[in-house]
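Worksheet: the structure to be examined is printed underneath.
The values are calculated or read from the model by the stated rules, or taken from the named source; none is laboratory data. These figures come from a predicted structure and were not determined experimentally. Using ideal geometry, Cβ is built from the backbone for each residue, glycine included, and neighbour counts are taken over all protein chains shown.
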Amino acid sequence: MSGKPITVFLLIGIVAAFAACRKDAPEDPVVNPAPVPGSPVVFNMDSVPYATLSHYNFFSGNVADQQPVAGVLPYEPITPLFTDYAHKFRFVWMPAGSKAVYASDSTALDFPDGAVLIKTFYYDNVQPAGTRRLIETRLMYKKAGQWEFADYVWNADQTEAFQDLSGSFTQFTWTDALGVHMMKTTASPAMWNASPAISITTSPFPSGLSRRT
């Protein structure tokens with residue numbers, strides 16, 4: 001009989017030690033999902049247009065690479081307009097929580113205030129090195145229900161595009177698909193005459209941006 005109390009005390013001690021170890025052991029960490037980053041675009045309706053394109057932060061890394069940041073979406077029209085052999089990068093950005101509204105197949109999408117349409121004109125095979133040359137970037141942004149414009153002309157080093165208020169000319173030589181050298185002088189529109197980028201009726205609106213099924 002004397003051995004039973006010892007056995008009982010021994011079992012109690014083992015259970016207590018086991019429970020203490022369980023209590024001291026760290027619990028499995030709670031894994032929270034990584035937050036979805038917001039768009040890093042800088043667009044203050046009271047301050048735009050900015051003096052440089054890079055100020056908006058539409059693009060990551062080298063701004064000339066035209067790699068959009070989160071929230072800046074590339075798009076391509078079904079039937080693009082011919083613009084003297086120039087290629088185009090096209091993007092759209094809208095403030096967080098906003099959206100473009102579809103009304104009908106025959107009308108343009110109704111964009112919210114703060115929406116920005118971005119279009120960069122460029123040529124490939126520009127001589128003498130046969131490289132890409134960005135010419136200008138045009139912005140259309142909606143403010144108080146109306147579209148306003150800002151034009152940015154790229155410098156020769158292709159490091160920045162600067163706001164152009166009065167219009168300018170860029171001259172260069174490029175090689176077409178047949179290997180023919182073409183001399184080109186492009187004219188960037190003045191800020192108040194951005195009609196090459198839009199359609200005009202009673203008020204300006206973006207051309208080519210409607211829903212197609």
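Please go through segment 78-89 and give me each residue that is at negative phi, touching a strand residue (DSSP E or B) at 6+ places or on another chain (Cβ under 8 Å) and at pLDDT below 95, ordered by number.
80, 83, 86, 87
Between a residue in segment 102-114 that is free of Cβ contacts under 8 Å to residues at least 60 places away in the same chain and any residue that is aromatic (Phe, Trp, Tyr), which pairs come within a Cβ distance under 8 Å, given they are 6 or more apart or on different chains?
110/102
Considering each of 48, 63 in turn, give the residue that is in contact (Cβ under 8 Å) with a residue 40 or more places away in the chain, surrounded by 17 or more Cβ atoms within 10 Å (Cβ to Cβ) and more than 22 Å from residue 143 (Cβ to Cβ).
None of the others qualify; the one that does is 63.
Within segment 78-94, is even one residue in contact with a Pro (Cβ under 9 Å, 6 or more places away or on another chain), small (Gly, Ala, Ser) and either more than 25 Å from residue 50 (Cα to Cα) or not in a strand (DSSP E or B) (or both)?
Checking segment 78-94: not a single residue is in contact with a Pro (Cβ under 9 Å, 6 or more places away or on another chain), small (Gly, Ala, Ser) and either more than 25 Å from residue 50 (Cα to Cα) or not in a strand (DSSP E or B) (or both).
Among the numbered criteria (1) within 16 Å of residue 41 (Cβ to Cβ); (2) touching a residue at least 40 places away in the same chain (Cβ under 8 Å), which one does residue 70 miss?
Tallying (1) within 16 Å of residue 41 (Cβ to Cβ); (2) touching a residue at least 40 places away in the same chain (Cβ under 8 Å), residue 70 fails exactly one: (2).
Check whether at least one residue in segment 50-71 is in contact with a strand residue (DSSP E or B) (Cβ under 7 Å, 6 or more places away or on another chain), more than 22 Å from residue 162 (Cα to Cα) and at pLDDT 95 or above, and report yes or no.
Yes.
Have a look at 8, 92 and point out the one that is modelled with pLDDT of 95 or more and surrounded by 10 or more Cβ atoms within 10 Å (Cβ to Cβ).
Values: 8 fails: modelled with pLDDT of 95 or more.
Selected residue: 92, the only one of 8, 92 that is modelled with pLDDT of 95 or more and surrounded by 10 or more Cβ atoms within 10 Å (Cβ to Cβ).
Return yes when residue 156 is closer than 19 Å to residue 61 by Cα, of a type in the set (A, V, I, L, M) and in contact with a Leu (Cβ under 9 Å, 6 or more places away or on another chain) and no when it is not.
Numbers: closer than 19 Å to residue 61 by Cα: yes; of a type in the set (A, V, I, L, M): yes; in contact with a Leu (Cβ under 9 Å, 6 or more places away or on another chain): no.
In short, no.
Being part of a strand (DSSP E or B) and more than 30 Å from residue 98 (Cα to Cα) is true for just one of 174, 147. Which residue is that?
When all the criteria are applied, what remains is 174.
How do the pairs read when you match residues in segment 126-142 that are over 15 Å from residue 157 (Cβ atoms) and in contact (Cβ under 8 Å) with a residue 40 or more places away in the chain with residues anywhere that are among the basic types (Lys, Arg) and surrounded by fewer than 22 Cβ atoms within 10 Å (Cβ to Cβ), using Cβ under 6 Å and keeping only pairs 6 or more apart or on different chains?
Going by the 6 Å Cβ cut-off, the qualifying pairs are 138/119.
Looking at (1) within 19 Å of the chain's Cα centre (by Cα); (2) at pLDDT below 95, find the lone condition where residue 175 falls short.
(1)
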